Every structure is written in C-alpha cells, then in structure tokens.
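Participant: Supplied in structure tokens, the structure appears directly below.
Readers should treat all values here as calculations from the given coordinates under stated rules, not as data from a laboratory. What you see is a predicted model; the values in this text were computed from it and never measured. Ideal geometry is used to build each Cβ from the backbone, glycine not excepted, and the neighbour counts take in all protein chains shown.
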Amino acid sequence: MNFTTQIFLLMAILSSLHVSCFEFQVGERPGWVVPPANDTKLYNDWASKERFIVGDTIRFKYRKDSVMEVTKSDYKNCNSTRPNFFSNTGNTIFTLDRSGFFYFISGATGHCRKGQQMIIRVMTQDQDSSAGGGSSSSSAGCRNIAVISYGVLFLIISIQFVA
C-alpha cells in the first residue's frame, strides 16, 4: 500500500469518527449584553434550550463589560466580589470542565440585576446519551480522539519509513 493510499485511509477513518466538543456563542448575535427590560431571562432561556457536556466551550463577546463565573449564592445575590473566574477581554472562551451547574454574571455595575446572568447545566456523557443527546462527547473523548489520530498517523509514517 503506497503512502498516499495510507493517508487517504487515515483521513477516511478520522472523518467517520463523530466525536467532538462544541463551542457555543453566548447571546448568539448580540453577544453578552444587558438584555431588554422585558426579557431579563434571555440568557437562562437560551441556555435551557442547549445541551452542554463536559469539554464544550462557551464564548462571551462583549464591550465595556466582563464575565464572571461565581457560586450559586453569589449568582442569586449578584455578588461580584469573589468570582471563581473573571475576564474582561471582550472575547472570553470558558471551558466547561466538569458536569454540574455553572453560574455566570456580568461584573459591570448593575448589569447582573438587569438580567445579565446565566446558569448553565453541564451533563455527563451518560446523561447526554440517556437524554437522547447526540453529537458531542466529553473532553476525555475529545482528547482520546486526538491521541488516537496522532497515534495512527505516527504508525502510518513509521510503516512508510520501515517499508
């Protein structure tokens, strides 16, 4: 089997594996902004329609604002004094690295009280499968595919040099 055929077979195998992590854009087009006064549940409504699993990432795009991941208590009280995570870069990517709940608020004064806050529930791979979920996998699954891909590629290249 020639090298080109081997590479083609590797690509065919890898493209058939449907394991991936997904990046979600918080707030979709408008991004992470103070919601309209009549839509203060905007972010929680959006998050409840999505299926998040370990390894997915969420992207916050914003201007003159910030995003914080906080405890449940700090979320309920819009307390921004003790965040677990803080970013004010305007383009923040946060990795959902465990199952359970994540609580996000804006760190800008008054924004949280106006509804710029969100709860995300991250399911385990087992929960996702039993709920009829589909195309994503856990971060371990994402890493395993990368390791397998590099391993197979290394094997093919090694065979080419030995042959």
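Participant: Can you tell me which aspartates and glutamates have their Cα less than 20 Å from the Cα of Lys114? Leave out same-chain residues fewer than eight positions away.
Facilitator: Partners found: Glu28, Asp39, Asp45, Asp65, Glu69, Asp74.
Participant: Modelling each spin label as a point 7 Å along the Cα-to-Cβ direction, I'd like the Thr81/Lys114 distance in nm, to one decimal.
Facilitator: 2.3 nm
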